[in-house]
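The values are calculated or read from the model by the stated rules, or taken from the named source; none is laboratory data. Remember, predicted model here, so these are calculated numbers, not experimental data. Here Cβ is always computed from backbone atoms with ideal geometry, including for glycine, and neighbour counts include all displayed protein chains. Remember, those area values only see protein heavy atoms, side chains included, never the ligands or the DNA or RNA. Shrake-Rupley method; radii C 1.70, N 1.55, O 1.52, S 1.80 Å.
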Amino acid sequence: MIKEFKEFISRGNVLDLAVGVIIGSAFTSIVKALVNYLINPLIGLCVGGIDFSDWSFKVFDATFKIGSFVNSVINFLIIAFVVFLIVKFVNKLMPKKEEEVIPDNTELYLKEIRDALVNKSDSSTFNNEEPNK
C-alpha cells in the first residue's frame, strides 16, 4: 500500500496540482490585497464611500446580513475581473505555441478515387467496351 501511495504521489499530475494549489493560495492573498487596499478605496471614492456591510434584517431570531453578502459578491466580481486582466496580460507576454497540424488526407484520397473512376469510365467509353456487370 505504501508503494502504491508513493507511485500515486510521484505522478506528474499530482505534483502539478499541488504546486498549482500552493501558488493559487499565494496569488489569492496578493489579489485580495490589491482589491482591499487599492481597488475598493477607488470604488469608495467614486460612489461616495458606500458600505453595504451594515445592511441587515431580522425575521424572529434570525439575522440576515444582506450587506455582507453584497460586499462578498462585489469583491468576487472585482477579483474575477482582476484575474481576467492578469491572465490576459500574461497570455500576451507568453509566446504562442505552434500547433502541430495533422494533415487530413481524406480529400486527397477522394480525389484519387474520383480520378480512378473517371479514368476507368473514360477507357471503357473510348474502347467501346461495356463495363463489367
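Given 0.36 nm per residue, what is the gain on full extension from Ser56 to Phe8 after removing their alpha carbon distance, in nm?
Residue separation times 0.36 nm, minus the Cα-Cα distance, leaves 12.4 nm.
Kindly report the accessible area of segment 41-103 per residue (heavy atoms of protein chains, probe 1.4 Å, no ligands, DNA or RNA), in Å².
Here the per-residue accessible area is 93 Å².
Which order do you get for Asp54, Asp115 if you rank them by accessible area with a 1.4 Å probe, largest at the top?
The most accessible residue leads, giving Asp54, Asp115.
How much length is gained on full extension from Asn105 to Lys32, taking 0.36 nm per residue of separation minus their Cα-Cα distance?
Extending this stretch completely gives an extra 21.1 nm.
State to the nearest 20 debye the size of the charge dipole of the chain about its Cα centre, where the only charges are +1 on K and R beta carbons and -1 on D and E beta carbons.
Values: 14 positive and 16 negative charges, 153 e Å.
With Lys and Arg at +1 and Asp and Glu at -1, about 740 debye.
Leaving ligands and nucleic acids out of the surface, order Val21, Val82, Val14 by accessible area at 1.4 Å, largest first.
Val21, Val14, Val82
When the convex hull of the C-alpha atoms of segment 1-91 is computed, what volume per residue in Å³ does it have?
Per-residue hull volume (Cα only) is 153 Å³.
Might you work out the accessible area of Ile79 for me, using a 1.4 Å probe with all protein chains in place, and round it to the nearest 10 Å²?
Approximately 50 Å² for this residue.
Using the Kyte-Doolittle scale, which helices in the chain average at least -1.0 and also have C-alpha atoms spread 24 Å or more along the helix axis, with helices defined as whole DSSP H runs?
Both cut-offs are met by 12-34, 66-93, 106-126.
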